[in-house]
1. Heavy atoms of the protein only, probe of 1.4 Å, neighbouring chains included. What is the accessible area of Val77 in Å², nearest 10?
2. Hey, could you grab the Kirkwood Rh for segment 231-336? Inverse mean 1/r over distinct alpha carbon pairs, Å, one decimal.
3. Given a Förster distance of 56 Å, report the FRET efficiency between Glu6 and Leu249 from their Cβ-Cβ distance, rounded to the nearest 0.05.
4. If you count, for each residue, the other Cβ atoms within 10 Å and average over each peptide, how do 327-336, 433-442 line up from highest to lowest?
5. Which listed residue (Met200, Leu189, Leu110) has the Cα farthest towards the positive end of the charge dipole for segment 110-238, taking +1 on Lys and Arg C-beta and -1 on Asp and Glu C-beta about the Cα centre?
6. Please report the antiparallel percentage of DSSP beta bridges with both residues in the chain, rounded to the nearest 5.
7. What size of dipole, in debye to the nearest 20, comes out for the chain about its Cα centre when the only charges are +1 on Lys and Arg C-beta atoms and -1 on Asp and Glu C-beta atoms?
8. Using only alpha carbons, build the gyration tensor for the chain and give me the equivalent ellipsoid semi-axes, biggest first, whole Å.
Amino acid sequence: MPGSIELRKKRVLVVGLARTGVATALFCAGHNAIVTATDIRPESELGDAPGKLRAAGVKLELGGHQEKTYLAQDLIVPSPGVPADDASLKTARSKGITVWSEIELAYRFLEGELIGITGSNGKTTTTTLVHHILNTAAYHTILAGNVGTPLISCVDQMGAETVSVVELSSFQLEWIEKFRPDIGVFLNLTPDHLDRHKTMDAYTAAKARIFEKQTELDAAVLNADDPPTVALAPKKPQVFWFSRRKRVLQGACIRGEDIIVVHDGKEEYVMKCAEVPLPGAHNLENVLAAVTAARLTEVDPATIAKAVKSFGGVEHRLEFTAEIRGVRYYNDSKATNVDATLKALDAFPGRILVILGGKDKGSDYTVLQKPLREKAVLALLIGAASDKIEKQIEGSVPVERAGTMERAVEIASRAAEPGDIVLLAPACASFDQFENFEQRGRVFKDLVRKLEEKNSSNSPGKG
């Protein structure tokens, strides 16, 4: 175990009781730490978590944080939603108290190999695809991190032969110390979470920490087509590239219509580009990144190809929902920033009715003007960012202020013509109207399916 820590009798404070915080508190309590968990929300808003934590012997401070509690700890583990500039965390650090993210704590107990994947867009698809490839190759593999299951929850399932595939957010990488992936993958870099990080430099620095502790024994995989990512290439680990535009010296790229892997000057055929089942050029990049990581884990090209061809995609990522009267509906609720929306728009030839809006993250929506002008026929705005988005896309596409998801789907269903695409690709966070992007996507899909049922029952010959 890399730098394992003895938790017995250690005073540990877990800040924030969403999924990661609860998992961390239970893990530490299970290792006989003296655990306190705190959340600004009252107990009435925390569901069954308080009961589970008390049963495990965790002390709770709810409805607010107390600085004196922070200063009485050996270790503080803030949840990803807690900003790095939190005043109590800064005070604790100034007093020499250790502050780690959950992934840093989990890393201290990790066994086997670790593949870490970060980037502004495509993380969940790429992470899930790498996991699917390794499963197809009969590896003992774990899927964890920002994809949904905290890494700390998976520690007890690990052994020497385990390969953990972990999606890493900038929030998680802010508080690492020794965390070191055997294979670190950096997909792309575009503005995101600027409401949290304040500047692009701070966001970039947090992301780049994925390579910080790597050595000559490790591998770094980067996007050769993305200049901001190229600039982050580390010096110590072996560097591998993926590209859909040019040949690479080491990594995965496209030759003609084929996906190939290049290593030590030798080319290996993997599959045809046309055999990739996921729509959009950005998904081809995700596949190239996954192919590179899987080949570095010594999965053979034929098995990689078999796995990619059988990959059904990920919920809320350009997810086909239904076709109703010749109109296709797609759920891309995970498009929580502008660049993700640009890629979603790029995945279709045109005639798009796009649902935009939610909680603004300090984004610049003016860059949507050109693709909206070229491909969209209507923009339906929902949520708190509607005013800002309308001003910044003015003149590029007709705009309808729908307000809610229900109203947006209703308007789109009336306005769309056969052959059109109705696309949920909000370019915003979801927290103004929804618990998370997953709930937003499920609401969209439920509305579309009700619409499908209604149209089916009204079709000739029904009833």
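The values are calculated or read from the model by the stated rules, or taken from the named source; none is laboratory data. Note that this is a predicted model, so its numbers are computed, not measured. Every residue, glycine as well, gets a Cβ built from its backbone with ideal geometry; the counts of neighbours run over all protein chains shown. Note: accessible area is taken over every heavy atom of the protein model, side chains too, but ligands, DNA and RNA are not part of it. Shrake-Rupley method; radii C 1.70, N 1.55, O 1.52, S 1.80 Å.
1. 0 Å²
2. 15.1 Å
3. The formula returns an efficiency of 0.80 here.
4. Ranking the peptides 327-336, 433-442 by packing returns 327-336, 433-442.
5. Met200
6. Here the share of antiparallel DSSP bridges comes out near 25 percent.
7. 280 debye
8. Ellipsoid half-lengths, sorted descending, are 37, 30, 21 Å.
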